[in-house]
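A.B. asks: To start, I am sharing the structure in question, which I have written as structure tokens.
The values are calculated or read from the model by the stated rules, or taken from the named source; none is laboratory data. Model, not experiment: these values are computed from the prediction. In this analysis, Cβ positions are derived from the backbone assuming ideal geometry, glycine residues included, and neighbour counts consider all displayed protein chains. Surface areas here come from the heavy atoms of the whole protein model, side chains and all, with no ligands, DNA or RNA. Shrake-Rupley method; radii C 1.70, N 1.55, O 1.52, S 1.80 Å.
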Amino acid sequence: MYQLCPSILSADFNRLGEQIKTLEKAGVKWLHIDVMDGDFVPSISFGMPVIRSIRRESEMFFDVHLMVTAPERYIQDFVKCGADSITIHAEASDDPELAIELIKDAGVKAGISIKPATPVNDISHLLEDVDLVLVMTVQPGFGGQKYLDDCTEKIQELRELIDNENLNVEIQVDGGINDDTLETVMKAGANLIVAGSYVFSGDLEHNVKNILRKIDKISQELD
Ligand code: DX5
Ligand code: ZN
């Protein structure tokens, strides 16, 4: 099942609630929420209070991407704020297995993410334990960067691993998704498509409808 996961990192925070409503009305089911701590990545985004506020007004699936060092410290907090899934970085934790266990024990879906330089091999032993793998296709930390072509192979490698072992794991891609790269990542095997600047630059409603149509068309061609 393909899903567009708009990243609110690129939203206009002065109109965040309104923009989330626009996404919901256009048929978006997943909302990608990028939390940055200024340590694992250079920048700082937002945290619990923002998520708690938007949770009150939205029925969407809250897909929380933690770009945070030692994420196991915050699992309970993000679940309380309304996360439906929590994705941690393999590089950010001394014990990713434990972090994943904590996420699942808290009753939400668990994801593991890898930066562009981290090989799939580093997390292949975790595939049985997670609901999704997030392949970063730019360096985590900022929206609006260019897709890194080398990452396509990693998506393919993961797709093969997951299919060969008949695992129920979704593949999410994040970074630099636009008209030129959408088809590439979907063909490589990704089914959860994060898009930030591509969706939020200009006319949000028009952009979302446009990319949803494209995802639908490409998915039909892939069937
Ligand atoms: C980057 C974030 C992304 C970001 C994607 O660290 O994880 O979710 O918002 O932005 P675009 O789609 O603009 O590359
Ligand atoms: Zn993200």
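A.B. asks: Please work out how much length the chain gains when fully extended from Arg55 to Leu126, using 0.36 nm per residue of separation minus the C-alpha to C-alpha distance, in nm with one decimal. Could the numbers behind the result be given before it?
C.D. replies: Details: separation 71, 0.36 × 71 = 25.56 nm, distance 2.94 nm.
Stretched fully, the Arg55-Leu126 segment lengthens by 22.6 nm.
A.B. asks: At 1.4 Å probe size, with every protein chain present, just tell me what the per residue accessible area of the chain comes to in Å². Before the final figure, lay out each step's value.
C.D. replies: Working: 10370 Å² over 223 residues.
So the chain comes to 47 Å² accessible per residue, rounded to a whole number.
A.B. asks: Which of the GluC sites (Glu not before Pro) found in the stretch 103-199 are in a DSSP loop and have at most 13 neighbouring Cβ atoms, other than their own, within 10 Å?
C.D. replies: Glu165
A.B. asks: A further question on this structure: Tally the DSSP beta bridges in the chain and give the antiparallel ones as a percent, rounded to 5. Walk me through the numbers before you get to the answer.
C.D. replies: Working: 1 of 32 bridges.
Once the DSSP bridges in the chain are tallied, antiparallel ones form about 5 percent.
A.B. asks: Right, another one. Starting from the Kirkwood radius over alpha-carbon pairs of the stretch 74-123, derive D by Stokes-Einstein at 37 °C in a medium of 0.692 mPa s and give it in µm² s⁻¹.
C.D. replies: My calculation gives 292 µm²/s for D.
A.B. asks: Tell me, what is the FRET efficiency for Glu18 and Lys80 to the nearest 0.05, using R0 = 35 angstrom and their Cβ-Cβ distance as r?
C.D. replies: On the way: r = 25 Å, r/R0 = 0.72.
About 0.90, to the nearest 0.05.
A.B. asks: A further question follows. Any chance you could list P(r) for the stretch 165-223, counting all Cα-Cα pairs in 5 angstrom bins from zero, rounded to whole %?
C.D. replies: Whole-percent P(r) values from 0 Å outward: 4, 18, 29, 25, 14, 7, 3, 1, 0.
A.B. asks: Would you list the P(r) distribution for the stretch 1-97, with all Cα-Cα distances sorted into 10 Å bins from 0 and each bin expressed as a whole %?
C.D. replies: Going out from 0 Å in 10 Å bins, the stretch 1-97 shows 15, 49, 29, 6, 0 percent.
A.B. asks: Working from the pairwise distances between different alpha carbons, so that the mean of 1/r is found and then inverted, what is the chain's Kirkwood radius in Å?
C.D. replies: It works out to 17.3 Å.
A.B. asks: Now a separate question. Report the charge-dipole magnitude of the stretch 25-125 in Debye, nearest 20, computed about the Cα centre from +1 at each Lys and Arg Cβ and -1 at each Asp and Glu Cβ.
C.D. replies: Using only the charged Cβ atoms, the result is roughly 560 debye.
A.B. asks: In whole Å and largest first, what semi-axes does the C-alpha gyration tensor of the stretch 53-184 yield when each eigenvalue is scaled by 5 and square-rooted?
C.D. replies: Equivalent-ellipsoid dimensions as semi-axes: 23, 18, 14 Å.
A.B. asks: Continuing with the same structure: In nm, what is the difference between 0.36 nm times the number of residues separating Ile44 and Leu167 and their Cα-Cα distance? Display every interim value, and only then the final one.
C.D. replies: Numbers: separation 123, 0.36 × 123 = 44.28 nm, distance 3.43 nm.
Between Ile44 and Leu167, full extension yields an extra 40.9 nm.
A.B. asks: Same structure, new question: If I model a spin label at Asp150 and Ala106 as a point 7 Å from the Cα along the Cα→Cβ vector, what separation in nanometres do I get?
C.D. replies: Result: 3.2 nm between the two label points.
A.B. asks: List the DSSP H helices in the chain whose Cα atoms stretch 18 Å or more along the helix axis and whose mean Kyte-Doolittle hydropathy is at least -1.0.
C.D. replies: 151-164, 204-222
A.B. asks: Still on this structure: For a quick check of your reading of the filter: which GluC sites (Glu not before Pro) in the stretch 1-74 sit in a DSSP loop and have no more than 16 other Cβ atoms within 10 Å?
C.D. replies: Glu57, Glu59
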